[in-house]
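Okay, so here's the structure we're looking at.
The values are calculated or read from the model by the stated rules, or taken from the named source; none is laboratory data. The shown structure was predicted, so the numbers you read here are calculated from the model rather than taken from an experiment. Glycine gets a Cβ as well: all are built from the backbone with ideal geometry, and neighbour counts include every protein chain shown.
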């Protein structure tokens, strides 16, 4: 066990909220932030960064609560096949209901729930009814036509335009969801399409704790992230887009690096201007690396997490 705190939550909170507000200022009207990872009970982060408050991201949102709307995405296929969240052993639809209640306890209302890639699946329809009985605003979005190859079709009334616009009123819109593949990115880009059609100059950013972009590629904390996402086959890499643009080495993961050229083309098609971002690292607003106050302790904790993940996978 690491006996002392290796992570400074207050420094992190201060840096993180400043980074988000600075990004809001860059876009004149509205900013959509895709929140990856767990917003609440982030025990992976607290294991690899001793001293990290597993609910620090909610403290961040609480700090910004007068300026945020929250959209919760859940993939209809995950509801249908009763996908389970590993740490709590509950299904994703139950987790979504729990998230709504947890947010309320923190004094933050969920603006809307979006059921993504919806095709009238029976379980997804039942979940929609359950939410509506609780007076939660629910939207259903179909798969985006043309995705991922036909950018002209994606950015059209038949693509992003075919899904309903989610009404929000505040300058920062947090888009979150249980687990990967919940449709957060498609929701952000669909909203951007509608905003620009309505004359609103909105922007997009990504908030994800791991991998930590300003730690070395083989730093134990970043290796522990690979161990945690082995089922997704995520691999950390040097962000070559960032290296080419700025001659600076940063770390990102393969899915974001591979998807970036397409994402940039879609954003440029929506906005009608050159992309504000030159790399996936540019899109991030993560300041976790600046909260580390004891690198040796963090490396040891991450080493133990890699061992823990190894044995868990061996058992599974």
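Being surrounded by fewer than 21 Cβ atoms within 10 Å (Cβ to Cβ), at pLDDT below 90 and under 21 Å from residue 234 (Cβ atoms): is that true of residue 85 here?
Taking the combined requirement at face value, the residue satisfies it.
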Inset, instruction - Please go through region 230-261 and pick out each residue that is out of contact with any helix residue (DSSP H, G or I) (no Cβ under 7 Å at 6 or more places or on another chain), part of a loop (DSSP other than H, G, I, E, B) and either more than 22 Å from residue 185 (Cα to Cα) or touching a residue at least 40 places away in the same chain (Cβ under 8 Å) (or both). - result: 247
Inset, instruction - State yes or no: is residue 219 modelled with pLDDT of 95 or more, crowded, with 17+ Cβ neighbours inside 10 Å, farther than 24 Å from residue 38 by Cα and touching a helix residue (DSSP H, G or I) at 6+ places or on another chain (Cβ under 8 Å)? - result: no
Inset, instruction - Working only within region 1-44, note down all residues that are in a strand (DSSP E or B) and within 25 Å of residue 193 (Cβ to Cβ). - result: 30, 31, 32, 33, 34, 35
Inset, instruction - Report yes if some residue within region 169-192 is crowded, with 24+ Cβ neighbours inside 10 Å, touching a residue at least 24 places away in the same chain (Cβ under 8 Å), out of contact with any strand residue (DSSP E or B) (no Cβ under 8 Å at 6 or more places or on another chain) and not in a strand (DSSP E or B); otherwise report no. - result: yes
Inset, instruction - Looking for whichever is without any contact (Cβ under 8 Å) to a residue 60 or more places away in the chain, under 24 Å from residue 63 (Cα atoms) and touching a helix residue (DSSP H, G or I) at 6+ places or on another chain (Cβ under 8 Å) here; the options are 93, 109, 101. Which one fits? - result: 109
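A quick yes/no check of all residues on (1) surrounded by 22 or more Cβ atoms within 10 Å (Cβ to Cβ); (2) closer than 30 Å to residue 123 by Cα; (3) within 15 Å of the chain's Cα centre (by Cα):
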| site | (1), (2), (3) |
| --- | --- |
| 14 | no, no, no |
| 24 | no, no, no |
| 40 | no, yes, yes |
| 47 | no, no, no |
| 53 | no, no, no |
| 62 | no, no, no |
| 70 | yes, yes, yes |
| 77 | no, yes, no |
